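Student: My questions all concern the structure below.
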Amino acid sequence: MSKEKRFEKVYSQGALEVTQILVDRETGVNYLFYQSGNAGGLTPLLDREGKPVISTIYK
């Protein structure tokens with residue numbers, strides 16, 4: 001198994017209320033992560049047509 005991280009953080013803002021965008025390095029799918037206090041959630045980032053945002057994969 002590779003020691004390379006599967007997810008790459010490409011955007012982050014906030015300290016108490018954190019918003020991040022993570023990219024899956026294998027599929028290129030972008031995920032939105034939001035955390036406020038002890039609660040948080042993760043969901044695929046969608047474009048205006050409802051399709052997942054996919055980035056070019058750099059290995």
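The values are calculated or read from the model by the stated rules, or taken from the named source; none is laboratory data. Since the model is a prediction, treat every value here as computed from it, not as a measurement. So basically every Cβ, Gly included, is an ideal-geometry build from the backbone, and we count neighbours across all protein chains shown. Just so you know, the surface numbers come from the protein's heavy atoms only, side chains and all, with ligands and any DNA or RNA stripped out. Shrake-Rupley method; radii C 1.70, N 1.55, O 1.52, S 1.80 Å.
Student: Output ³J(HN,Hα) for the range 27-42: one whole-Hz value per residue in order, computed from phi by the Karplus curve 6.51 cos²θ - 1.76 cosθ + 1.60 with θ = phi - 60°, and x for Gly and Pro.
Tutor: Each residue of the range 27-42 in turn: 10, x, 5, 8, 10, 9, 10, 10, 9, 9, x, 8, 9, x, x, 9 Hz.
Student: Using Cα-Cα distances under 8 Å and only pairs 6 or more residues apart, what relative contact order does the chain have, in percent? Intermediate results must be reported in sequence, preceding the final value.
Tutor: Values: 106 pairs, mean separation 14.7, N = 59.
In percent, rounded to a whole number, it is 25.
Student: Moving on to the next point. Treating only the Cβ of Lys, Arg, Asp and Glu as charged (+1, +1, -1, -1), what charge dipole size does the chain show about its Cα centre? Round to the nearest 20 debye.
Tutor: 200
Student: On to the next question. Multiply the residue separation of Ile57 and Lys9 by 0.36 nm, subtract the distance between their alpha-carbon atoms, and state the gained length in nm to one decimal.
Tutor: Using 0.36 nm per residue and subtracting the Cα-Cα distance, I get 15.9 nm.
Student: Roughly to the nearest percent, how much of the accessible area of the chain is carbon and sulfur, given a 1.4 Å probe?
Tutor: On the way: 2670 of 4930 Å².
For the chain, the apolar C and S fraction of the accessible surface comes to 54 percent.
Student: Rg/Rh for the chain: what does it come to with C-alpha atoms and Rh from Kirkwood?
Tutor: So for the chain, dividing Rg by the Kirkwood Rh gives 1.02.
Student: So who's got an amide H within less than 5 Å of the one on Ser55, skipping anything under 5 residues away but keeping other chains? H placed 1.01 Å off N, in plane.
Tutor: Here Val29, Asn30 satisfy the definition.
Student: Whole number in Å², please: accessible area per residue of the chain, 1.4 Å probe, ligands, DNA and RNA not counted.
Tutor: 84
Student: Enumerate the amide H contacts of Arg25 below 5 Å, restricted to partners 5 or more residues apart or on another chain; note that Pro and chain-start residues carry no placed amide H.
Tutor: Close amide H contacts, sequence-distant or interchain: Phe7, Glu8.
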